[in-house]
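To keep things clear, I will list the structure first and then write my remarks on it.
The values are calculated or read from the model by the stated rules, or taken from the named source; none is laboratory data. Predicted model only: the values in this text are computed from it and were never measured. Glycine also receives a Cβ, built like all others from the backbone with ideal geometry; neighbour counts cover every protein chain displayed. Note: areas computed on protein heavy atoms with side chains; ligands, DNA, RNA excluded. Shrake-Rupley method; radii C 1.70, N 1.55, O 1.52, S 1.80 Å.
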Amino acid sequence: ETGVAVLELSTGRLDVQLCPPARLLDEIVRSDAAEILLPEPDSAGRHPLAGELQARTSAALTYRGATDFSAERAAQILREHFGTASLEGFGFERVDASLQAAAGLLAYVRETQKGAAAHLRPPRRQDADEFMVLDPVTLRSLEVERTLRTGSRDGTLLAAVDRTSNPMGARLLRNWLCYPLRDAGAIRRRQRLVGVLREQPATRAHLRRALHEIGDVDRILGRLGVKRVTPRDLRALGAGLLRLTEVRDLLRSLHADECDALAA
């Protein structure tokens, strides 16, 4: 299996997964990355995936030395950055190919961002078997994010169902649509949560207002991490954090196990 790591620098989210070689290209394309890091090939010439990636994405391709992706270097980089003696606390018993990819990515960010990477979160494992595989061709055919004819968002499935209250919710909904769950139990839990909210419109309305006022905490924290935060950002962050208690209390008032878990 091949290791894949995807970083959203604006929020600090770092997802990793072990991907079968047959699905590697589709997973990279589906991530919709602006830049893709590849280890330098052993011999002279381009990386085996370079041609396909250039044909199927508009991402910039950047080559890094193989040392950045070695298991020994990966363990050192990750432990130093997150200040831990081991990676077991993050759910990893050993340094596998996914963590090697994450470490190479982290080394690149620390180098190019001049150390402004303190906001990056610990790597989070994505189980490839947890989600249905929708390759980029299928996503385009179903017009999940972009229409076939114009490539715009208008007229897509996402545009039809997106009634989220803040940008964090919009990103989560996009992930739900592009990475559908496979586990029946997880699907039913999500359905029960939606059902509880649907049956209590007054509480739902209060919750939507509170979430709207919270704003995009993830992005503000990201700008804070790279030292590009503004006084307006800090004011919005403070106001948003003050509303979290209200959101927690509203979720608990719904008296549902799923809501209690979210409010914990």
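What number goes with the only condition from (1) in a helix (DSSP H, G or I); (2) touching a Lys or Arg at 6+ places or on another chain (Cβ under 7 Å); (3) farther than 19 Å from Gly3 by Cα; (4) not hydrophobic (A, V, I, L, M, F, W, C) that Arg110 does not pass?
Going through (1) in a helix (DSSP H, G or I); (2) touching a Lys or Arg at 6+ places or on another chain (Cβ under 7 Å); (3) farther than 19 Å from Gly3 by Cα; (4) not hydrophobic (A, V, I, L, M, F, W, C) one by one, Arg110 breaks only (2).
Under 7 Å between Cβ atoms, which residue pairs at least 6 apart in sequence (or on different chains) link something in the stretch 201-229 that is over 27 Å from Leu250 (Cα atoms) with a partner that is assigned to a helix (DSSP H, G or I) and at pLDDT 90 or above?
So the pair list comes out as Arg223/Asp233.
For every residue, the table says whether it meets (1) over 16 Å from the mean Cα position of the chain (by Cα); (2) in a helix (DSSP H, G or I); (3) surrounded by fewer than 14 Cβ atoms within 10 Å (Cβ to Cβ).
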| position | (1), (2), (3) |
| --- | --- |
| Val133 | yes, no, no |
| Ser152 | yes, no, yes |
| Arg163 | yes, no, yes |
| Ile187 | yes, yes, yes |
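Quick check on Val247: is it part of a helix (DSSP H, G or I) and over 29 Å from Leu120 (Cβ atoms)?
In short, no.
Looking at (1) crowded, with 16+ Cβ neighbours inside 10 Å; (2) at negative phi; (3) touching a residue at least 40 places away in the same chain (Cβ under 8 Å), which is the only condition Arg243 fails?
Result: Arg243 passes all but (3).
For Ile77, only one of the following conditions fails: (1) of a type in the set (A, V, I, L, M, F, W, C); (2) open to solvent by less than 30 Å² (accessible area, probe 1.4 Å); (3) in a helix (DSSP H, G or I); (4) farther than 20 Å from Val4 by Cβ. What is its number?
The number of the failed condition is (4).
Return the residues of the stretch 26-73 that are within 15 Å of Ala5 (Cα to Cα), open to solvent by 30 Å² or more (accessible area, probe 1.4 Å), assigned to a helix (DSSP H, G or I) and among the aliphatic types (A, V, I, L, M); say none if nothing qualifies.
Ala71
Inspect the stretch 219-226 for any residue being modelled with pLDDT under 90, outside any helix (DSSP H, G or I) and under 25 Å from Leu9 (Cα atoms) and give the result as yes or no.
yes
Could you tell me which residue of the stretch 80-119 is surrounded by the fewest Cβ atoms within 10 Å (Cβ to Cβ), considering only residues that are hydroxyl-bearing (Ser, Thr, Tyr) and farther than 28 Å from Val229 by Cβ?
Residue satisfying both the conditions and the ranking: Ser86.
How many of the residues in the stretch 186-232 are touching a helix residue (DSSP H, G or I) at 6+ places or on another chain (Cβ under 9 Å) and among the small types (Gly, Ala, Ser)?
3
Go over the candidates Ala170, Ala159 one by one and state the one that is open to solvent by less than 60 Å² (accessible area, probe 1.4 Å), free of Cβ contacts under 8 Å to residues at least 40 places away in the same chain, under 23 Å from Asp15 (Cα atoms) and not in a loop (DSSP other than H, G, I, E, B).
Ala170 is the lone residue from the list that is open to solvent by less than 60 Å² (accessible area, probe 1.4 Å), free of Cβ contacts under 8 Å to residues at least 40 places away in the same chain, under 23 Å from Asp15 (Cα atoms) and not in a loop (DSSP other than H, G, I, E, B).
Run Leu142 past the list (1) at pLDDT 90 or above; (2) open to solvent by less than 70 Å² (accessible area, probe 1.4 Å); (3) within 23 Å of Arg23 (Cα to Cα) and report the number of the one that doesn't hold.
(2)
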